[in-house]
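**Q** Sharing a structure, written as structure tokens. Questions coming.
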């Protein structure tokens, strides 16, 4: 289970912060000649937060989703307006406790599946009160352990 404190939704009219955006994509394979100019810029709010009034930031605590690329300490962007589909990473509330798992179906029953083999699937029918609170749309984590997380 994850310890998630309920945050306030993302501000509905956030100020735009335009950050520099290189006009070329960076290859993750072989090096390519670099261009020394910056394109117009990018507002991360426009790209990461499609529904501001229903978007929340949550901090992950735990390791059950590591094979999905979600690590302990990551900052999640969760959209409550989206309909959860099989395969979505969701924030669920199970008898009042929050958890983060992948929504799956098996033989017509809904399960929450961890992305770490140490954790068993959770059958939603085993809970008196179980529902999907939101869909995780992005996970932000540091690539360098020397940099403090957000």
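The values are calculated or read from the model by the stated rules, or taken from the named source; none is laboratory data. Everything numeric in this text was worked out from a predicted model, so none of it was measured. A quick note on method: Cβ atoms are made from the backbone with ideal geometry, for glycine too, and the neighbour counts reach across all protein chains shown.
**Q** Could you list all residues from the range 56-82 that are under 22 Å from residue 144 (Cβ atoms) and touching a helix residue (DSSP H, G or I) at 6+ places or on another chain (Cβ under 9 Å)?
**A** 72, 77 - these are the residues of the range 56-82 that are under 22 Å from residue 144 (Cβ atoms) and touching a helix residue (DSSP H, G or I) at 6+ places or on another chain (Cβ under 9 Å).
**Q** Looking at this structure, is residue 77 touching a strand residue (DSSP E or B) at 6+ places or on another chain (Cβ under 6 Å), more than 26 Å from residue 125 (Cβ to Cβ) and surrounded by 15 or more Cβ atoms within 10 Å (Cβ to Cβ)?
**A** Yes, satisfied.
**Q** Hey, residue 56 hits all of (1) in a strand (DSSP E or B); (2) at pLDDT 95 or above but one; which does it fall short on?
**A** (2)
**Q** Any idea how many residues of the range 96-138 are in contact with a strand residue (DSSP E or B) (Cβ under 7 Å, 6 or more places away or on another chain), part of a loop (DSSP other than H, G, I, E, B) and surrounded by fewer than 17 Cβ atoms within 10 Å (Cβ to Cβ)?
**A** 2
**Q** Out of the residues in the range 62-74 that are in contact with a strand residue (DSSP E or B) (Cβ under 9 Å, 6 or more places away or on another chain) and in a loop (DSSP other than H, G, I, E, B), state the one that is surrounded by the fewest Cβ atoms within 10 Å (Cβ to Cβ).
**A** 69
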